[in-house]
Every structure is written in C-alpha cells, then in structure tokens.
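Structure first, then comments.
Every number here is computed from the coordinates shown, using simple stated rules; none is lab data. Because the structure is a prediction, the values reported are computed rather than measured. Cβ atoms come from the backbone with ideal geometry, glycine included; neighbour counts cover every protein chain shown.
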Amino acid sequence: MKQIEVRNLDFSYDENTHAVKNVSFSIEKGSYTTIIGHNGSGKSTIAKLMIGLLEKNSGEVLIDGMPLTLESLQAIRSKVGIVFQNPDNQFIGSTVRDDIAFGLENHCVDPDKMDEIIMEFAKKVNMVEFLDSEPTKLSGGQKQRVAIAGVLAMAPEIMIFDESTSMLDPQGKNEINEVIRELHAKTKMTLVSITHDIEEVTKSDYVIVMNNGQIVMSGKPEEIMLREKELMKSNLDLPFSLKMMKELEKNKIRLSKSVTIEGLVDELCQLNSTK
Ligand SMILES: Nc1ncnc2c1ncn2[C@@H]1O[C@H](COP(=O)(O)OP(=O)(O)O)[C@@H](O)[C@H]1O
Ligand SMILES: [Mg+2]
C-alpha cells in the first residue's frame, strides 16, 4: 500500500530559486526509502513541503490517500514525525525528560501516563541514564537520540530523518544509524532518510536520487550504485568500497573472486533479498 504520494510537486522560493521541479514519487507503507542528493538539490524543501512547513506552488502531497491541505494539516502532522540536521536547534526542555515531555504536553497526553511514555522512549534510544541531564551537555549523537525519542513518543506512522547524522562524528553517525535500523526492524514504521552520503543508501529498500530540484533516478540500492556515470553527473560520490575495488582493478590487483565490484553488488543483492 502506498503511504506517501507526491505528484508533480513544484516549488520556488523566489524567481531565481526553483528548488523543486515537477517531482513525483510514491513510498510504500513500512518501507525504508533514502532520498539522496548533493547540497542544494532540493531535499529539505521536499521534506518541508511533505509536512506543510512550506506551501507548494503546484502539485499534490497525499498521506494515506489524504491530500495535504490547510484543513488536513493537523491530521497529517500527527502522522509524520521529522528529525532535522542540527541537534542544537531541536531542544526546548532543561532536562532530557522535559524535552521528551514537551511534545507530549502539546498533544494533551494524560500527565499520569507521561512518565511511563518518557521512560519507554528513552529506553528505545538508550538514553534512560541521561533523563535528568541537561540536553546542552550531551554529545551530538546523544542529542539526536533525544530528538528521535521526542518525535517517536508522539507515535507517528512515518518518520523523516533530514540529514540527521550529517553534523555528527563517526561514532554519533553510527549510533543514530543503529537506532534508525532497529526502529525499522522492530516497528516496520515507514522511514524516509534524507542524505548526501552515498554510504547510507545501502541499508534502505529504495533510493531516490535528486539533482537540481529533480529526480534523476530511483531504484534499489544495488541498482543505483552501479550507475556510476549518473551518480557522478549528480555530483555524488561512489561508495568507498566500490572506489577502492575500482582502484585495485585498475592496478590489476585482484584480491579474490568475490572481492570485485560485481561480487560486492551480488553480496548486497543477497543481503537485501534476505531482509
Ligand atoms: N529559505 C530559503 N530561501 C531561499 N532559497 C532557499 C531557502 N532554502 C533553500 N533555498 C535554496 O533552495 C535550493 C534547495 O535547497 P534545499 O532544499 O535546502 O536543498 P538540500 O536540502 O538538498 O541541501 C537551494 O538552491 C537553496 O539555496
Ligand atoms: Mg537539506
């Protein structure tokens, strides 16, 4: 079942910035989709259009078949949670506990149930021991985990991560990617991960590649990664492992039969087919 449908979406910030050009795609319920594109390709603009933070010039966004309009905005926002890039811009509470509570208070959750819900989601992101800490004193990865808990506590059906790991160090990136992966494995929630990092596409079911406000290709990760010329044209890099294999092959170094680009892609296909 299609949960998100974007049809002929078009948006300009001003006469010089046509940020999203006639974009159409659909996302299956329970799937894990990556939207990848270089900086300025229009990814965040699409995310904002999908939750009504920006108003489209033309086209349609449908969530569960419901068109996004002023009237449906509240209903749609309660279905879609979003975590942004900069963890420092997402804090309101003076402790981690207050911070997770903030969204719940806005959703008029019964105060008696609040503690229980906060605990449940702090556990999900491994932050129970930090519930009384000040958010500003946490590492980047920990801050993003709190932000994720706050959004998850509102029980969205769809989660959008807009470059949520891009400001983190490698350890923070791994922490958040692990949370996202587990979330998907356990809840089968519909996930949309937005990134400019090709290394992040391999975990998803489906990839949408953007360049200059348009979709340039889409498909399974193993298909996308082989389309080297199109990736380069979109100013995207190849995954490190593929680049290394190419370098080795160029120098006539073959490590073993399976360690070739084709071997890697085969392995990736097998990995995906067992998911
Ligand atoms: N608030 C804004 N006002 C004017 N132009 C903007 C604004 N935000 C983004 N843009 C422009 O719109 C284009 C798409 O930006 P964005 O959606 O943020 O791309 P991405 O998220 O892929 O980096 C870029 O050219 C960017 O400079
Ligand atoms: Mg962006």
DSSP beta bridges in the chain: the antiparallel percent, rounded to 5, is 50 percent
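Rounded if a/c is under 1.5, else prolate if a/b beats b/c, else oblate: with a ≥ b ≥ c from the C-alpha gyration tensor eigenvalues square-rooted, which is the chain?
oblate
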Placing +1 on each Lys and Arg Cβ and -1 on each Asp and Glu Cβ in segment 1-72, then taking the dipole about the Cα centre, the residue among Asn22, Leu9, Ser41 whose Cα reaches farthest towards the positive end is Ser41
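Using alpha-carbon pairs under 8 Å, 6+ residues apart, how would you state the relative contact order of the chain in percent?
In percent, rounded to a whole number, it is 23.
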Among Lys21/Lys220; Lys143/Lys246; Lys186/Lys243; Lys2/Lys220; Lys124/Lys203; Lys43/Lys233, the pairs whose Cα-Cα distance exceeds 27 Å are Lys143/Lys246; Lys186/Lys243
Taking the chain and counting helices only, DSSP H stretches of n ≥ 4 at -39,500 (n - 2.57) each over all residues, the nearest-500 ellipticity at 222 nm comes to -11500 deg cm²/dmol
